[in-house]
Structures are given as structure tokens and as C-alpha cells.
Amino acid sequence: MTSSSSFNAAERRGSVSLALLFALRMAGLFMLMPVLATYGDHLAGYSPLWIGIAIGSYGFTQAMMQVPMGMLSDRIGRKPVIIAGLALFALGSVIAAMSNSLYGVALGRALQGLGAIASAVMALAADLSREEQRAKVMAVIGVSIGLSFAVSLVLGPVLSAYVGLSGIFWLTALLAILGMGVVKWGVPDVTTHAPKSEVTASRGKMRELLKEPQLLRLDWGVFCLHLAVSALFISFPLRLLEADVAAASHWKVYLPTVLISFVLMIPLLIMAAKRRQQRGFFLFSIGLMLLSQLGLLFSPSLWGLALVLVLFFVGFNYMEASMPALLSMLSPPGYKGSALGIYSTTQFAGAFVGGGLGGWVSQYWGADSVPLLCIGLFVIWGLVAWGMKSPSGVKSYTLSLDNAQPEAEVLANLRKLPGVLEAIIISQERTAYLKVNSQVFDLQQAQALVK
């Protein structure tokens, strides 16, 4: 027998293989960000504007296809959609690798984004895990994305010195093909399906969620976050060149700053959870990123640029780790899949706008104007986030109805349990969705009512 508090064999294999899949796919994307502005100068059409478009075009098609690809995976299966998405991603990488102009690179990047598999992968992760283990599986995948980001910022400049920009794209295509192998032979076959409302967006529900102020604050936040990071990598590599750091040596700046930022970010996460002050640490992280952009205005030395990067990535990494958890806490019961659909769409839309707008500002107003853009953005974000609430002790649970009791009776009994804040039952899924105060809620009592 497997304890409900630990992974079973399928969950262990599924979490590791899907984490590896995400790491392989994201590595190619992240390796490109710190090198496109410095190694793309030999391409026809080179300009800050087209560098921004090439960086952001991936986000545009990702934003368009994220929800449709998730819905398609409900119809034809998760694995076929993921493999098809990886094939599109590999094809886009090949087109970009063979291009002699930034226009072709932007086209290849847009094609990469058409292979939007994030929602299908997360749905597959949910299918492969029990409700009580689902958050842990998602956390393993989240950690792999963070590590992939850190490693890729270092590997990008190192590898580009030897294989050039086209070599990075060829490597990205290879990683996508390796990802197909992971899906085919590494990921377990699905025998059960998580409730649709837990993992899949519904257009009708998405319209309702657009009226939820707390969720809209998070959607605006992730839009700003990815707009800023896309804009940052249009101008920051050039600032390193101005500080007499050769492009091949940029990793010597990225490696220590990313490692230090991860070390400093962890205590913030622990303190926010322990003190139940998510709102305060959320605003503090926005402040750190705002401070980093203010620092860029003063043309800092190399040490100053390193400090700027540390401040930015402490805030960035904290937000990347905490916002999905906050979204899960704040989502109304039964609406998590739709809330994630909106969140993912705005995330990639931010990357697209950040690339295009950052490139436009850099070309017509100078690279030094990009920090001003980000400063204005962070000020607005801080004002919007000021009214957010800390969902202290709030958790969500999904319970399958296994007995023949009338649903109205089960729902009434669930709502009477201590700690239950909200509860709904979706008849088509025979599933109960609960939002509870974890300090007083007894999960075993709820399970006894539905089984």
C-alpha cells in the first residue's frame, strides 16, 4: 500500500518525466534571451525593434494557442497534443536556425509558440496524480522550470561563443525531439482523468472570472512580470558590453547573480508562508524590481549591474514561485482550470508586448529608456496590487462523489463542515470542489461524506 502522503510509482515517474520535459523545452527558450541582442547583430534587418519582435513573437502565438491546445487535449488526448506541439516547436527552431534575417528568426519564434503545450502538460500532470499529491507534482515541475531558467542564462552565452545564434536554435530543435522521446517512453500512460474544471479552461467560466478583482490583480501582475523580463533582455546585454564584458563572458555575470537571487528568494517564500503575509512580501518584491530599474538609470559600474540583476531576479523568482499558489487559493471552487487559462494567456501576452514595446522604446528613445518603461510599469503594478488580500490558510480540494446520495444532500452536508468557505458540485463530473480554511478543516470528514 502507498501512503496518501507520499508519491506512488506513477506519480513519481510522471512528475520526474514531465519536469524533465519542461526543462528540455524551456532551456532552448531561456538560452536565447541573453544572447539574441548580442549575437543577432549579423542578421539582416537587425535593429532593437526587431530584436524585441523576435523575442516577443513567441509570446504572441503562445497566448493565442494556450487555451485551445488545452481544450484539444481533452478531445484527442494529452500525449498526441504534446508531441504535436513539440514537433511545431522543433520546426520553428529549424526555420530560425536557417534564417539569415531577423524576420525569419521572428517567424521561427512565432511557429515555436504555436506548439503551446504548457496547459496540456499540466493537465497530464493532474491526470497522473491523486488530489492530495497534485500540488507536490506541480511544485516539482515548477522547480524544474526555475532551475532551467537559471542554468540556461549561463549556458546561452557560453554555447553561443562556440556555435553562434543558429547553433542555439539547432540545439533547441534537438531538445524538442528529446522531449518527444520523454513523452513517448518516459511519461506513464493515463488511466484516470482529473476533473475538467480543475485543469481545463471553459470559455463561459473565463468570462465570469474576468469580474474577479483579486484574480485580475494576479493576471495583471504576471503580464507586467513577463513584459519586464522580455524588455530587460533587449537592453541589459548591451549594458554589459558597454561595461567591457565580452558577449562570451556574460555568463560570468549571470551565474553568480542568479545563484545569489535564488538563495535570497527562498527566505522570502518561507517568511511569507510562515507569517501569512503574502500581500506584504508581494509588494516588497515589486519594490525590489522597481529599485533595480532605478539603479539602471544611473549607468552603474559592472558591480552595479550585477547588483541590479540580483535585485531584479530576487523579485522575479519570488513572483514566479508565489503567484500560481496565490491563484490556486483565490480561484472560486471549480474554476481553477479557467483561472489558469486566463493567467497563462496574460503571461505570454506580457512577453509579446514586452518584446515589441521594449524594442520600440530602445530603437526610438535609446536603450537607457527601457528602465523608464519598466519603472512606470512597476509603479502601476504596485498601485494595482495594493488592494490585494492575503489568503492566509486557504486551500482548495477536489473530491470525487462515489456514493449514491442526492447531490443536494451531499453539498448541504459539506457546507456545514467547520472551515468550509465555499463548496460546489458539478453534476457532469460527479465532483465536489471546496475552498477551505486549512486551520480548522478536517479532510477526512469531507471524504467520509462523499464516499
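Which whole-percent values make up P(r) of the range 240-342 when all C-alpha to C-alpha distances are grouped in 5 Å steps starting at zero?
The calculated distribution, bin by bin, is 2, 12, 19, 18, 15, 13, 9, 7, 4, 1, 0.
Whole-Hz ³J(HN,Hα) for each residue in the range 123-128, computed from phi via Karplus 6.51 cos²θ - 1.76 cosθ + 1.60 with θ = phi - 60°, x for glycine and proline: what do you get?
5, 5, 4, 5, 4, 8
Could you compute Rg(Cα) / (2.2 N^0.38 Å) for the range 194-282, with N its residue count?
On the way: Rg = 19.2 Å, N = 89, 2.2 N^0.38 = 12.1 Å.
Rounded to two decimals, the normalised Rg is 1.58.
Using 0.36 nm times the number of residues separating I266 and D189, minus their current alpha carbon distance, what extension gain do you get? Before the final figure, lay out the partial values.
Working: separation 77, 0.36 × 77 = 27.72 nm, distance 3.45 nm.
So the chain would gain 24.3 nm between I266 and D189.
Convex hull volume of the Cα atoms in the range 201-392, per residue, in Å³? Display every interim value, and only then the final one.
Details: hull volume 21.8 nm³, N = 192.
Output value, Cα hull per residue: 114 Å³.
For a test of the definition: using alpha carbon positions, the gyration tensor, and the 1.5 limit on a/c, classify the range 1-100 as rounded, prolate or oblate. Write out the running numbers ahead of the final one.
On the way: a/c = 2.99, a/b = 2.07, b/c = 1.45.
Prolate, because a/c is 1.5 or more and a/b exceeds b/c.
For n ≥ 4 DSSP H runs only, could you compute -39500 (n - 2.57) per run for the chain, divide by its residues and tell me the 222 nm figure to the nearest 500? Spell out each step's value before the answer.
On the way: 17 runs with 330 residues, N = 451.
The helix-only estimate for the chain comes to -25000 deg cm²/dmol at 222 nm.
Let's test this: bin the Cα-Cα distances of the chain at 10 Å from zero up to the farthest pair and state each bin's percent.
Computed distribution, short to long bins: 4, 20, 31, 26, 13, 5, 1, 0.
Between R203 and L291, how many nm apart are label points set 7 Å from Cα along the C-beta direction?
Taking the simple label geometry, R203 and L291 are separated by 4.6 nm.
How large is the Rg to Rh ratio of the range 394-450 when both quantities use alpha carbon positions and Rh follows Kirkwood? Don't skip to the end; give the middle numbers.
Working: Rg = 10.2 Å, Rh = 11.1 Å.
Dividing the radius of gyration by the Kirkwood radius yields 0.92.
Which peptide among 308-320, 11-23 comes first, and what is the full order, when sorted by highest mean count of other Cβ atoms within 10 Å?
Values: 308-320: 23.6, 11-23: 21.4.
The packing order, highest mean first, is 308-320, 11-23.
What FRET efficiency comes out for the pair K451/E407, r = Cβ-Cβ distance, R0 = 22 Å, nearest 0.05?
Numbers: r = 14 Å, r/R0 = 0.65.
Taking R0 as 22 Å, the efficiency between K451 and E407 is 0.95.
Once the Cα gyration tensor of the range 62-173 is diagonalised, what are the square roots of 5 times its eigenvalues, in whole Å and ordered largest first, as equivalent ellipsoid semi-axes? If you can, show how the numbers build up before the last one.
Values: eigenvalues 167, 73, 17 Å².
After scaling each eigenvalue by five and taking roots: 29, 19, 9 Å.
Report the extension gain between W365 and F298 in nm, rounded to one decimal, defined as 0.36 nm multiplied by the number of residues separating them, less their alpha carbon distance.
That pair, W365 and F298, stretches by 22.5 nm at full extension.
Please compute the length gained on full extension between L421 and A44, using 0.36 nm multiplied by the number of residues separating them and subtracting their Cα-Cα distance. Don't skip to the answer; put the middle values down first.
Working: separation 377, 0.36 × 377 = 135.72 nm, distance 5.85 nm.
129.9 nm is the gain from fully extending L421 to A44.
Please work out the ratio of the alpha-carbon Rg of the range 1-194 to 2.2 N^0.38 Å and round it to two decimals.
Working: Rg = 17.4 Å, N = 194, 2.2 N^0.38 = 16.3 Å.
The value comes to 1.07.
Evaluate the charge dipole of the range 394-450 about its Cα centre and quote only its size in Debye, nearest 20, assuming +1 on the Cβ of each Lys and Arg and -1 on the Cβ of each Asp and Glu. Don't skip to the answer; put the middle values down first.
Values: 5 positive and 6 negative charges, 36 e Å.
That gives the range 394-450 a dipole magnitude of about 180 debye.
Any read-out appearing in this document is the output of simple, stated calculations on the displayed coordinates, not a laboratory observation. Please read these numbers as outputs of a predicted model, since none were measured by experiment. Heads up, the Cβs are rebuilt from the backbone with ideal geometry, glycines too, and the neighbour counts pull from every protein chain shown.
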